[in-house]
Amino acid sequence: EQLCMAMDFGFLYSSKRHLFHIGFRVHEQALDESYYDLLSSEARLTSYLAIAKGDVPRRHWQALGRNFLTVGITPGLKSWSGSMFEYLMPALVMVEPEHGLLHVSGLAAVMEQQAYGREQQLAWGISESAYFGQDHTLAYQYSPFGVPRLALRRTPPGDRVVAPYASVLACMRMPHEAIANLRQLELTGARGEYGFVDAVDFTVSRQPGEQALSVVNTFMAHHQGMSLVALCNVLCKEAPRRWFSSAPLIQAHGSLLHERTPRQIIESADPRTLPGPEVSADAVLYHSR
């Protein structure tokens, strides 16, 4: 609680747009010109906490964009990258009502991830992760991969990278299907002596020789941490969510999480000008956050 109350998110908040800047450039002493402007984002956990603390007004929640789509008959929301992380990370600690917009859109995202895996004839579960590309220090590179139909910023079409931790997050929504998918990933060599690696890269242009895939043998602490919390929710009666939601500060603003899903959805193009996908399969990706 002391750490929480010591943080002040107000300096990152734009009172004109009612959104958070992505960050602060310390060396330039300037706020980043981009914003977290979508509800289906990992940043909504920060938004919720900042509102609860009184750092920013409640109207910030309504300023977050809601770009709707449907997955079958299930309503959902688009995110920036279409990654599992954007939809399910806040659900590690926030109790999202079962029939509310956030819960249903997270379920729709998992369903679309599964459909994309079937389409690609691969295991499913795409999220920001390392991929089979190394810099001069032999460190694996990192990029915000996602499912095209969920994304406003499309992953280049030739890139096919599957992250096991995305399936672990999905255990909170569809545990049986997620476990079956993890078993499929295990058959590709994704699980070693220390558990599941960060990713398996099926991108043709990055394969050495004639092999079909490359195991990205590295571990990201935050991906391992999210996996542990997700499993704790599944196996320990949602203990992390119960701990977080038991704080009076959090309970006082619980109504924000009860937003209903719309009865009718008309999908349309986003009005903003967005960068299109790279056409070259050999394009180098860089982490954008």
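Within the straight-line cut-off of under 14 Å between alpha carbons, the aspartates and glutamates reachable from Lys78 are Asp37, Glu42, Glu86, Glu112, Glu267, Asp270, sequence neighbours fewer than 8 places apart in one chain being disregarded. Length gained on full extension, Gln141 to Ile179: 11.0 nm, using 0.36 nm per residue less the C-alpha separation.
Modelled label positions at Leu3 and Thr218, each set 7 Å beyond Cα in the direction of Cβ, lie 2.5 nm from each other. Spacing of the modelled spin labels on Leu231 and Arg260, each 7 Å from Cα toward Cβ, amounts to 4.0 nm.
With only the Cα atoms considered, the chain has a convex hull volume of 160 Å³ per residue. By the helix-only formula, in which each DSSP H run with n ≥ 4 contributes -39500 (n - 2.57) and the sum is divided by residues, the chain has a 222 nm mean residue ellipticity of -9000 deg cm²/dmol. Protection proxy ranking of 78-85, 34-41, by the mean of other Cβ atoms within 10 Å over each peptide's residues and highest first, is 78-85, 34-41.
By its C-alpha gyration tensor, with a ≥ b ≥ c as the square roots of the eigenvalues, how is the range 199-270 shaped: rounded for a/c under 1.5, else prolate for a/b larger than b/c, else oblate?
oblate
Given a 1.4 Å probe and every protein chain left where it sits, what share in percent of the accessible area of the range 71-110 is carbon and sulfur? Summing carbon and sulfur atoms, their accessible area is 68 percent of the total for the range 71-110.
Placing a label point 7 Å from the Cα of Ser34 along the Cα-to-Cβ direction, the residues of the range 76-96 with a backbone N closer than 12 Å are 80-81. Each Cα pair under 8 Å and six or more residues apart adds its sequence gap; the mean of these over the residue count of the chain is a relative contact order of 19 percent. Looking at the chain, the accessible area is 52 square angstrom per residue; that uses a 1.4 Å probe and ignores ligands, DNA and RNA.
Seen from Tyr48, the other residues with C-beta closer than 14 Å to its C-beta sum to a net charge of +1, counting Lys and Arg as +1 and Asp and Glu as -1.
Using 0.36 nm per residue and subtracting the Cα-Cα separation, the extra length available between Arg242 and Glu210 on full extension is 6.6 nm.
Please compute the net charge surrounding Tyr131, taking Lys and Arg as +1 and Asp and Glu as -1 over other residues with Cβ under 11 Å from its Cβ. The answer is -2.
For the chain, the longest principal axis of the C-alpha atoms and the axis of helix 221-235 are separated by about 70°.
The values are calculated or read from the model by the stated rules, or taken from the named source; none is laboratory data. In this text, all values refer to a predicted model and were calculated from it rather than measured experimentally. All Cβ positions, even for glycine, are placed from backbone atoms using ideal geometry, and neighbour counts span all protein chains on display. We work out accessible area using only protein heavy atoms, side chains counted, and drop any ligands, DNA or RNA first. Shrake-Rupley method; radii C 1.70, N 1.55, O 1.52, S 1.80 Å.
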